[in-house]
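Trainee: To start, I am sharing the structure in question, which I have written as structure tokens.
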Amino acid sequence: MSKQNELVPPPLKNDCFSLPADTHWTPVSEALALLKERLHVCVGTETVPLFAALGRVVAEDVVAQRSNPPQPNSAVDGYGLRHSDIIEGPQMLPLVAGRSAAGDPFEGELPSGHAVRILTGATVPEGVDTVILQEDVTTDGTAIAFRGPLKKGSNTRKAGEDVEGGGLILAKGRRVTPADLALAAATGVSQLLVFKRLRVAVVSTGDELAEPGQEARADQIFDANRPMLLAMIAKFGFEPIDMGRAPDEREGLKKFLDKAAGSADMILTSGGASAGDEDHMSALLNETGSMTLWRLAIKPGRPLALGMWAGTPVFGLPGNPVAAKVCTLIFAKPAMDALGGAGWQEPVALRVPAAFSKSKKAGRREYLRARLRHGRAEVFKSEGSGRISGLSWAEGLVELPDEAMDVQEGSQVLYYPYSAFGL
Ligand code: AMP
Ligand code: MG
């Protein structure tokens, strides 16, 4: 009998389809709490003009350099008058010569018993405290006739009613939006101190990977993670650095990590993160002594190899594109925010009725590729973590809790649009 025939495959264990009870699977919230506690900003600051500040993270509290509006102005096209001149019922007021237009204010004070033509955005002349809408008067060009009473101050905007000079407009850690640019510009801010963009290197690992656009052997697959991860980083507002594909071989991979650590603030790798023969990422990080293999109670995902390489934090993502994307959204994105100066950010979920049913066991959090249609969350037809088409089909993720859940059509579930993560 050959030696081989003596080998008997081990019997299936009773619990072969359940989560191992003897190992501790770290709950997602515990993993996030650890990241929140341990990560801090690791980039410097720079000053950028307002026009180049979109998406950047503000590095100090920004205060208004002047009030908005700087002076009282009119909210409508109409006539400015003194409230004390107005009586109840019909009346007439003579018009003074001249007018107040936006950018061309009326000089001098309105004499009592008079009205002055005023246009939207124009400075309210001295003496005027109330503006009547032009639709509410009749005029021959020398006087206006209208009906009192009017509310004092109506149709005027007070100086600083929007923002007071010196008031906080953008808090440190805020990611600048187009509306923030309007607010900063309106209050006289023309440049912002921002954090330098966090540089995030992306390395794909796996001997089976071929470069998109190049010849691939029949047994090879195209590297799908790299273009996705680089694009996600760019959309998050960080600086992606493409490090290419590393081989499933320790010395080779080492060189990639050295290079990445030399040019980035954080390294994202995909593949080789588990504890198998070809899982060189975890093996290498293990050698540094800084590695923690995070056995996460999450589907898809599970093993995440976290460690430091030459002083640079490394997130070793699983190779499956679905798991790689979910782990990036759930773990790497908050880490990038923390390292990049935006502080700890939590995505905001919508609570919506499910358009699917599913019975989920206790013990891990699950993320399903999903999208909203008619106010309900639909999920992709397959949960297979190699199904890249589902990632592209989806517009967000449904999160099912760590506990068991029996989802019926119409049950309330948590839905995170991709935009909740900054995508
Ligand atoms: P690994 O985590 O290295 O064991 O890989 C898990 C699965 O993901 C395998 O089927 C790999 O072929 C696949 N995979 C790993 N990296 C990539 C990648 N960059 N693009 C597409 N699939 C990948
Ligand atoms: Mg691999």
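The values are calculated or read from the model by the stated rules, or taken from the named source; none is laboratory data. Remember, it's a predicted structure, so these values are computed and weren't measured experimentally. Reconstructed Cβ throughout: ideal geometry from the backbone, glycine too, with neighbour counts over all protein chains shown. Side chains included, ligands, DNA and RNA excluded: accessible areas come from the protein's heavy atoms. Shrake-Rupley method; radii C 1.70, N 1.55, O 1.52, S 1.80 Å.
Trainee: Computing the accessible area with a 1.4 Å probe over protein heavy atoms, can you report the carbon and sulfur percentage for the chain?
Mentor: On the chain, the fraction of accessible area on carbon and sulfur atoms equals 52 percent.
Trainee: Is the C-alpha gyration tensor of segment 205-328 telling us rounded, prolate or oblate? Criteria: a/c under 1.5 is rounded; beyond that, a/b larger than b/c is prolate, otherwise oblate.
Mentor: Taking the square roots of the gyration eigenvalues as a ≥ b ≥ c, segment 205-328 is rounded.
Trainee: Over the chain, give the accessible area per residue in Å² for a 1.4 Å probe, as an integer.
Mentor: For the chain, the solvent-accessible area averages 50 Å² per residue.
Trainee: Report the label-to-label distance for residue 143 and residue 251 in nanometres (one decimal), using points 7 Å from each Cα along the Cα→Cβ vector.
Mentor: 10.3
Trainee: If you average the alpha carbon positions of segment 102-133 and of segment 345-382, how far apart do those two centres end up, in angstrom?
Mentor: That distance is 57 Å.
Trainee: In whole Hz, what ³J(HN,Hα) sequence does segment 414-423 give by Karplus (6.51, -1.76, 1.60; θ = phi - 60°), x for Gly and Pro?
Mentor: 8, 10, 10, x, 3, 5, 5, 9, x, 8
Trainee: Ok, one more. With r as the distance between the Cβ atoms of residue 278 and residue 350 and R0 = 41 Å, compute the FRET efficiency 1/(1 + (r/R0)^6) and round to 0.05.
Mentor: Working from the Cβ atoms, E equals 0.55.
Trainee: Sort 369-379, 84-94 by the packing proxy (mean of other Cβ within 10 Å over each peptide's residues), most packed first.
Mentor: 369-379, 84-94
Trainee: Spelling out what I want: for every residue of segment 298-315, take phi, set θ = phi - 60°, compute 6.51 cos²θ - 1.76 cosθ + 1.60 (Karplus), and round to whole Hz; glycine and proline get x.
Mentor: My calculation for segment 298-315 gives 9, 10, x, x, 6, x, 10, 8, 10, x, 10, 10, 6, x, 10, x, 10, 10 Hz in order.
Trainee: List the relative contact order of segment 157-227 as a percent without decimals, with contacts defined as Cα pairs under 8 Å and 6+ residues apart.
Mentor: 19
Trainee: Can you give the convex hull volume of the alpha carbon atoms of the chain per residue, in Å³?
Mentor: Taking only Cα atoms, the chain has a hull volume of 224 Å³ per residue.
Trainee: How big is the dipole moment of the chain about its Cα centre under a simple scheme where the beta carbon of each Lys and Arg is +1, that of each Asp and Glu is -1, and everything else is neutral? Debye, nearest 20, please.
Mentor: For this selection, approximately 540 debye.
Trainee: Report P(r) for segment 158-205: all Cα-Cα distances, bin width 10 Å, range 0 to the bin holding the largest distance, values in whole percent.
Mentor: Binned Cα distances yield the sequence 19, 43, 19, 11, 6, 2, 0.
Trainee: If each residue of separation counts as 0.36 nm, what is the full-extension length gain between residue 235 and residue 26 once their alpha-carbon separation is subtracted?
Mentor: 72.4 nm
Trainee: Report, for the chain, the % of DSSP beta bridges that are antiparallel, rounded to 5.
Mentor: The antiparallel fraction comes to roughly 70 percent.
Trainee: So, one more: When a/c reaches 1.5 or more, the comparison of a/b and b/c decides; with that in mind, is segment 285-354 rounded, prolate or oblate per its Cα gyration tensor?
Mentor: Because a/c hits 1.5 or more and a/b fails to exceed b/c, segment 285-354 counts as oblate.
Trainee: Right, next: Please name whichever of 343, 404, 32 sits farthest to the positive end of the charge dipole of the chain, dipole taken about the Cα centre and charges placed at Cβ: Lys and Arg +1, Asp and Glu -1.
Mentor: Going by the Cα projections, it comes out as 404.
Trainee: Grab the beta carbon distance between residue 182 and residue 8, set R0 = 45 Å, and tell me the FRET efficiency rounded to 0.05.
Mentor: For residue 182 and residue 8, the calculated efficiency is 0.05.
Trainee: I'd like the Karplus ³J(HN,Hα) series for segment 79-84: coefficients 6.51, -1.76, 1.60, θ = phi - 60°, whole numbers in Hz, and an x wherever there's a Gly or Pro.
Mentor: 9, x, 8, 9, 4, 5
Trainee: Amide H neighbours of residue 296 under 5 Å, counting only residues 5+ apart in sequence or on other chains, H built in-plane at 1.01 Å?
Mentor: For residue 296, the qualifying residues are 26, 302, 304.
Trainee: Amide H of residue 124 versus every other amide H placed in the peptide plane: which residues, excluding those fewer than 5 positions away on the same chain, fall under 5 Å?
Mentor: Close amide H contacts, sequence-distant or interchain: 73, 74.
Trainee: On a 29 Å Cα-Cα criterion, which of the cross-link pairs 254/361; 196/255; 36/172; 259/381 come out too long?
Mentor: Where the Cα-Cα span goes over 29 Å, the pairs concerned are 254/361; 259/381.
Trainee: Over the chain, calculate the relative contact order: mean separation of alpha carbon pairs under 8 Å at least 6 apart, over the residue count, as a percent.
Mentor: 16
Trainee: Another question about this same structure. In nanometres, what is the gap between the two model label sites at residue 61 and residue 211, each 7 Å from Cα along Cα-to-Cβ?
Mentor: 5.1
Trainee: Full-extension gain between residue 109 and residue 34, please, as 0.36 nm times their residue separation minus the C-alpha to C-alpha distance.
Mentor: 20.5 nm
Trainee: While we're here: May I ask you to derive the FRET efficiency for residue 164 and residue 135 from their Cβ-Cβ distance with R0 = 30 Å, giving the value to the nearest 0.05?
Mentor: 0.40
Trainee: Once you sort the root eigenvalues of the Cα gyration tensor of segment 344-419 as a ≥ b ≥ c, which label holds: rounded (a/c under 1.5), prolate (a/b larger than b/c) or oblate (the other case)?
Mentor: Verdict is rounded for segment 344-419.
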